[in-house]
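Here the structure is laid out as structure tokens; the discussion comes afterwards.
The values are calculated or read from the model by the stated rules, or taken from the named source; none is laboratory data. These numbers come from a predicted model, not from an experiment. No Cβ is skipped: glycine too gets one built from the backbone with ideal geometry, and neighbour counts run over all protein chains shown. Surface areas here come from the heavy atoms of the whole protein model, side chains and all, with no ligands, DNA or RNA. Shrake-Rupley method; radii C 1.70, N 1.55, O 1.52, S 1.80 Å.
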Amino acid sequence: MKEGRRGIQGGEKTSEGERTKSGEFGREEAMERSSGELGRQASWGLEDAPGLWAMASLPLIPAWPLPLASSAFTLLLGALTSLFLWYCYRLGSQDVQALEAGSRAGGGRGEPGGCSEAGRPSPGSPGESGEGPRTEGLVSRRLRAYARRYSWAGMGRVRRVLGIQRPGLLFLPDLPSAPFVPRDAQRHDVELLESSFPAILRDFGAVSWDFSGTTPLPRGWSPPLAPGCYQLLLYQAGRCQPNNCRRCPGAYRALRGLRSFMSANTFGNAGFSVLLPGVRLEGRCGPTNARVRCHLGLKIPPGCELVVGGEPQCWAEGHCLLVDDSFLHTVAHNGAPEDGPRVIFIVDLWHPNVAGAERQALDFVFAPDL
């Protein structure tokens, strides 16, 4: 037994010695192989130069890292997006600058077609901030072209954003907005004024004059704040003008019968408006969208035009036209001198969608005695 164990232990020692010798032999063989390769490298000649250059160049060409490529693409995309946004900003700012320039240049007070409502500044004067010809070119002409091709339906917010509807003093939100209001919205008052057309026309004949500008201004007529535009007011900024009302009994009687006349509010005016041939009153916006201006045509020669919010219209003798003058509006009389002046009777009515409680509150806030 002891001899067998010694034999086994001796065999294990012999195996370990053989493994040690084989490991040493392997290391010696690897050292000889390395020295052989070094010897061969030392013996390389000129004909091996291309291969050596290729081997030396390989580590110098790294693979393109994917994160770096993604970062460069992101930077390029961000630069293109910034350039596009800058272009859109510049394109949109041109119209905004034109609107501001027109607002600074326009500043006159005007009547329904642009002529002054009153001889003194007041909240009832309908042209606090006007829009000049440049605005007409940039906005109104484009909107007019759009209206001819499509429709104005549902475009109320677009008009307000573009400055086509810009009340100078009071803006009531959520009111239905359209440059021209349907007649049925104020049926009673429209029919009353149209039935009073003969009496109102006679009253104008009693107070009319030659409108030449060379003679002194007759009694009752307001000084023209725009050349070629005259007016005689029965109500001025919510105040009754007793002398003019006595001289025009038919017109005054019609005003007293109206249901929605703004007779106790500084936004309320009523009277005759005269525009001479060859006169053009550039666009402007009225002070509020809470009112609707009723134009009764008295004398309408050829060549007269009213453009409100980009929509052209014309008056007709004996008929009413309901206008929301908070929209940008322009008036022109392109007729010949022998055609005579354009004459209309103007009345400021409440917007049909302003409730009774709102009218009472606005009459209190904008009372004429302020």
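Brief remarks on what is shown
- 3J(HN,Hα) along region 271-284: x, 8, 10, 10, 10, 7, x, x, 9, 10, 9, 5, x, 7 Hz, from the Karplus curve 6.51 cos²θ - 1.76 cosθ + 1.60 with θ = phi - 60°, whole Hz, x for Gly and Pro.
- Estimated FRET transfer efficiency when R0 is 51 angstrom, pair Asp174-Ser70 (beta carbons, to 0.05): 0.55
- Extending 7 Å from Cα along the Cβ direction at Arg219 and again at Arg187 yields two label points whose distance is 4.3 nm.
- Rounded to 0.05, the FRET efficiency of the Leu80 and Tyr146 pair, given R0 = 22 Å and the Cβ-Cβ distance, is 0.10.
- Taking packing as the residue-averaged number of other Cβ atoms within 10 angstrom, the listed peptides 272-282, 218-228 run from highest to lowest as 272-282, 218-228.
- Accessible-area ranking of Thr214, Thr288, largest first, probe 1.4 Å: Thr214, Thr288
- Spatial separation of Cα centroids for region 302-327 and region 224-280, in angstrom: 18
- For the set Trp350, Trp86, the ranking by accessible area, highest first and with no ligand, DNA or RNA atoms included, is Trp86, Trp350 under a 1.4 Å probe.
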